[in-house]
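The values are calculated or read from the model by the stated rules, or taken from the named source; none is laboratory data. Because the structure is predicted, anything quoted here is derived from the model rather than measured. Here the Cβ is made from the backbone with ideal geometry for all residues, glycine too, and neighbour counts use every protein chain on show.
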Amino acid sequence: MRPRLLLLAALVAAVALLAAGCGGSSSSSARPGAVDVVVTTTQLGDVVRAIGGDAVDVHQILKPNTDPHDYEPRPKDIEATAGAKLVVTSGDHLDAWMGDVIANAGGHPAVLDAGAGRPVALPGEDTGPEASRFDPHWWHDPRNVEYATRKIRDALAKADPEATARIDAGAERYLAELGTLDAGIARCFAAVPAPQRKLVTDHDAFNYFAHRYGIDVVGAVIPSQTTQAQPSAGDLAKLTALIERERVKAIFPESSINPKLAKAIARETGATAGSTLYGDTLGPAGSRGATYLAMEAANADAMLRGFTGGAQGCRIAGL
């Protein structure tokens, strides 16, 4: 067995013993009448709460500023999954570990892959069930989150038909906010000449954002869509030369990744590295990236300030 599966098996046994000792597992919602929903990522947790409001009780597996690629199952995640009516995943192997959690939890939740079948894909990307070429960071285009919002709305209403009116109202409010976000970010980037929109980040997570708003992705410190990859000395040398050749003004560290390499390359090339982006995860409560809407607005503001040497930022009215 893989190490992660061995750990999962041990945790399942621990949860079973705990349940027996307590006279049964706690599968009822902490909020009476609310639907128990398990979500994998911070983004999905925020979206589900915005749509469902007090009709849902959300157990979010990943925490702010944690890397989804490094998750290991915990007893409370398995217990929550065992009692859930709905599990919402991000898909595209970003949270593939959730399949093992569901299979071993012993419950029978409905499972929704929020990103599957999304309307906006990158050039050359395959988003079908047998996809081999894909970027799992689909939420960085708000149009895909609009699509996911409608899917989540329908899944929640199916799980609790009596709450359909509240769920529909929450979804409509959130769809309006997503539209405001998308239009606002587009206006911000339209004010910056295209040759100035050159992006270098910690890892290759912003292709959807760049494709939506006309940004040129020059490169990434970790040249991969997973943070588990490691750049070679040759990779870093090529990136440094590319940054200098393209006259890139700013390198953007990410909130969930050690910024040491990004800052070292910035010193070497004369670029700045003072603006942090939210890539795989939201930030903690009270941060500029505490919600999905705030995260994307903060990313847009940080990028514009980096591209323009601090001369321009992005503020979106109504958010």
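Exactly one residue among VAL101, VAL48, VAL111, VAL37 is out of contact with any strand residue (DSSP E or B) (no Cβ under 7 Å at 6 or more places or on another chain) and either touching a residue at least 24 places away in the same chain (Cβ under 8 Å) or farther than 30 Å from ALA205 by Cβ (or both), and that residue is VAL101.
Report yes if some residue within the stretch 215-229 is in contact with a helix residue (DSSP H, G or I) (Cβ under 9 Å, 6 or more places away or on another chain), within 24 Å of ALA300 (Cβ to Cβ), acidic (Asp, Glu) and surrounded by 15 or more Cβ atoms within 10 Å (Cβ to Cβ); otherwise report no. No - not one qualifying residue is present in the stretch 215-229.
Just to be sure, is VAL101 at pLDDT 95 or above, in the same structural domain as LYS158 (by TED's automatic domain parsing) and at negative phi?
Values: at pLDDT 95 or above: no; in the same structural domain as LYS158 (by TED's automatic domain parsing): yes; at negative phi: yes.
Considered against the rule, which asks whether it is at pLDDT 95 or above, in the same structural domain as LYS158 (by TED's automatic domain parsing) and at negative phi, VAL101 comes out as no.
For VAL58, the conditions (1) assigned to a loop (DSSP other than H, G, I, E, B); (2) closer than 23 Å to PRO142 by Cβ all hold with the exception of (1). Scanning the stretch 264-276 for residues that are among the charged types (D, E, K, R) and either part of a loop (DSSP other than H, G, I, E, B) or in contact (Cβ under 8 Å) with a residue 12 or more places away in the chain (or both) turns up just one, GLU268.
When the stretch 268-287 is filtered for residues that are within 24 Å of ASP95 (Cβ to Cβ) and surrounded by fewer than 23 Cβ atoms within 10 Å (Cβ to Cβ), the ones remaining, listed by number, are THR276, THR281, GLY283, PRO284, ALA285, SER287.
Restricting attention to the stretch 292-319, the residues that are surrounded by fewer than 22 Cβ atoms within 10 Å (Cβ to Cβ) and hydroxyl-bearing (Ser, Thr, Tyr) add up to 1. For ILE222, the conditions (1) modelled with pLDDT of 95 or more; (2) within 20 Å of ASP280 (Cβ to Cβ) all hold with the exception of (1). For the stretch 241-256, taking the residues that are crowded, with 17+ Cβ neighbours inside 10 Å and not in a loop (DSSP other than H, G, I, E, B), the one that is modelled with the lowest pLDDT is identified as GLU254. Scanning the stretch 42-49 for residues that are modelled with pLDDT of 90 or more and farther than 20 Å from LEU156 by Cα turns up nothing.
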